[in-house]
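For reference, the structure is listed below as structure tokens.
The values are calculated or read from the model by the stated rules, or taken from the named source; none is laboratory data. Remember, it's a predicted structure, so these values are computed and weren't measured experimentally. Every residue, glycine among them, receives a Cβ derived from its backbone with ideal geometry; neighbour counts consider all protein chains shown. Ligands, DNA and RNA are stripped out before the accessible areas are found, and what is left, the full protein with its side chains, is counted by its heavy atoms. Shrake-Rupley method; radii C 1.70, N 1.55, O 1.52, S 1.80 Å.
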Amino acid sequence: MSDDRTVLNQRVVPYTREQIFKAWTDPELLAQWWGPNGFTNTFHTFELKPGGKWHFTMHGPDGTDYENLCVFEEIVAPERVVLDHIETVHRFLLSGIFTPVGNGTHVEFRQVFASAEECARIRSFVTEANEQNLDRLEAVLKKNNPT
């Protein structure tokens, strides 16, 4: 994996990897946190299996709709979810990897883009958007797993 094509965001969260895996694989939970701040989602197809399709529309805060099509490449409960985002605008392989650490879980959000040029062009935006994604994931986990 080449670093010039990779964007990596990671953090430790105070939830089990089973809870995190569920938030990544339960469409009702996933729709609540997927995307940067202000975005909402409409899921059209969600086939959680290797080779299964995930077709959804992200609705931007400015009213713009963004169609997305992904194919699930690998699903290993509760360790990881890997999907291929096959849209021509942003082609990347996304891996969510969940590793237990202490009283929480290390979450790795790794995107490998088809080209170094594409990655360089949007790296700063994607890095910040992924941090917002992870913030939203934590908020959904907190709401659905009160202590």
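Say whether the condition of being open to solvent by 30 Å² or more (accessible area, probe 1.4 Å), at pLDDT 95 or above, closer than 20 Å to residue 90 by Cα and polar (S, T, N, Q) is met by at least one residue in region 26-40. Yes: one or more hits. Filtering region 43-66 to residues that are in a strand (DSSP E or B), open to solvent by 60 Å² or more (accessible area, probe 1.4 Å) and either touching a residue at least 60 places away in the same chain (Cβ under 8 Å) or farther than 16 Å from residue 83 by Cα (or both) leaves 44, 65, 66. Of all the numbered requirements in (1) among the charged types (D, E, K, R); (2) within 20 Å of residue 41 (Cα to Cα); (3) within 14 Å of the chain's Cα centre (by Cα), residue 65 misses one, and that requirement is (3). If the condition is being open to solvent by less than 30 Å² (accessible area, probe 1.4 Å), assigned to a strand (DSSP E or B) and under 24 Å from residue 14 (Cβ atoms), then region 71-107 contributes 81, 94, 95, 96, 98, 104, 105, 107.
What tally of residues in region 1-21 results from selecting those that are open to solvent by 80 Å² or more (accessible area, probe 1.4 Å) and under 17 Å from residue 98 (Cα atoms)? Count: 4.
In region 117-128 there is no residue matching the filter, namely being modelled with pLDDT under 95, open to solvent by less than 70 Å² (accessible area, probe 1.4 Å), in a loop (DSSP other than H, G, I, E, B) and over 13 Å from residue 14 (Cβ atoms).
Going by the conditions given, is residue 31 touching a helix residue (DSSP H, G or I) at 6+ places or on another chain (Cβ under 8 Å) and assigned to a helix (DSSP H, G or I)? Can you show your working first?
On the way: touching a helix residue (DSSP H, G or I) at 6+ places or on another chain (Cβ under 8 Å): no; assigned to a helix (DSSP H, G or I): yes.
Spelling it out, it is not the case that residue 31 is touching a helix residue (DSSP H, G or I) at 6+ places or on another chain (Cβ under 8 Å) and assigned to a helix (DSSP H, G or I).
The residues in region 136-147 that are in contact (Cβ under 8 Å) with a residue 12 or more places away in the chain and surrounded by 13 or more Cβ atoms within 10 Å (Cβ to Cβ) can be counted, and the count is 7.
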